[in-house]
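**Student:** Pasting a structure below so you can have a look.
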Amino acid sequence: MTKARRSRKPLLRGPEEWKAEAGESFSQWDRWLLAVLVVDHDGAWASLETALEVRRRGHEFEREDAEAKLCQLADLRARVQRAGLAPAHLLGDDLQDKRLLRKARTKVFDQYVGDRAKTRAMRETPRRVLGERARRGNWAGFPVSPSQFERVFLDDVRARPSYSLKATFGLERRLVAASSASCSRRSLPSTSRCRGATPGSPPRPTTGTSSSSRRGRSTV
């Protein structure tokens with residue numbers, strides 16, 4: 001008879017709810033940040049913020065990770081203040097949990113937070129919010145909003161936040177191909193035929209038209 005397998009605890013990524021108090025909801029990320037805040041920084045929000053700010057001066061992935069956690073820390077601080085609770089009170093018995101503290105330190109300072117582990121506050125960093133505003137913030141002022149055409153190019157554009165000069169040549173080819181495919185599906189002129197044309201102007205002759213026929217038409 002085989003031994004029954006022990007039930008494993010569910011993997012906590014961070015966004016899962018930890019507890020709710022005084023009308024505010026707190027996630028596992030809040031729990032980890034509070035543990036580091038109270039034990040390692042004596043409850044001083046500015047001290048933990050400074051420690052995370054140091055990581056912003058590192059490599060790009062470190063900067064993005066620090067920005068996400070700083071946004072979560074700011075959001076947590078606002079909720080704690082609205083609830084009128086002390087960070088140590090929120091932690092309760094977790095203050096004595098050394099295993100939790102070790103995990104919290106690892107999560108906050110050593111592990112990079114992936115997309116699936118991010119809360120809403122971590123996703124909406126100032127860099128991302130302002131970047132989205134720069135890309136799409138003025139679309140309402142266009143005669144025709146580009147939003148209806150965005151889905152044609154979205155997969156190529158969102159593959160990475162920016163492109164080097166060398167990479168833009170490949171991107172341009174993919175965008176032209178996507179545009180041509182979209183035009184074909186909608187029975188519209190392809191980008192090669194539309195290139196250089198102005199609204200209301202007649203289409204250019206196709207390459208299959210001979211020069212003699214064009215001259216013949218011009219003399220009639």
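**Student:** What about Arg77, is it at pLDDT below 95 and either of a type outside the set (D, E, K, R) or within 24 Å of the chain's Cα centre (by Cα) (or both)?
**Tutor:** The answer is no for Arg77.
**Student:** Give the number of residues within the range 78-131 that are surrounded by fewer than 18 Cβ atoms within 10 Å (Cβ to Cβ), in contact (Cβ under 8 Å) with a residue 12 or more places away in the chain and of a type in the set (Ser, Thr, Tyr).
**Tutor:** Qualifying residue count for the region: 1.
**Student:** Just checking, which of Glu21, Glu60 is under 22 Å from Thr125 (Cβ atoms) and acidic (Asp, Glu)?
**Tutor:** Only one candidate qualifies: Glu60.
**Student:** Considering the range 21-41 alone, what residues qualify as being buried (at least 18 other Cβ atoms within 10 Å of the Cβ), in contact (Cβ under 8 Å) with a residue 40 or more places away in the chain and in a helix (DSSP H, G or I)?
**Tutor:** Scanning the range 21-41 gives Trp29, Asp30, Arg31, Trp32, Leu33, Leu34, Ala35, Val36, Leu37, Val38, Val39.
**Student:** Residue check: is Gln28 at pLDDT 95 or above, in contact with a strand residue (DSSP E or B) (Cβ under 9 Å, 6 or more places away or on another chain) and not basic (Lys, Arg)?
**Tutor:** Yes; evaluated as a whole, the condition is true for this residue.
**Student:** Something else: Quickly run through the range 63-109 and pick out the residues that are under 22 Å from Pro126 (Cα atoms) and among the polar types (S, T, N, Q).
**Tutor:** Those that are under 22 Å from Pro126 (Cα atoms) and among the polar types (S, T, N, Q): Gln72, Gln81.
The values are calculated or read from the model by the stated rules, or taken from the named source; none is laboratory data. Keep in mind it's a predicted model, so treat the numbers as computed, not measured. Cβ: placed from backbone, ideal geometry, glycine included. Neighbour counts: every protein chain shown.
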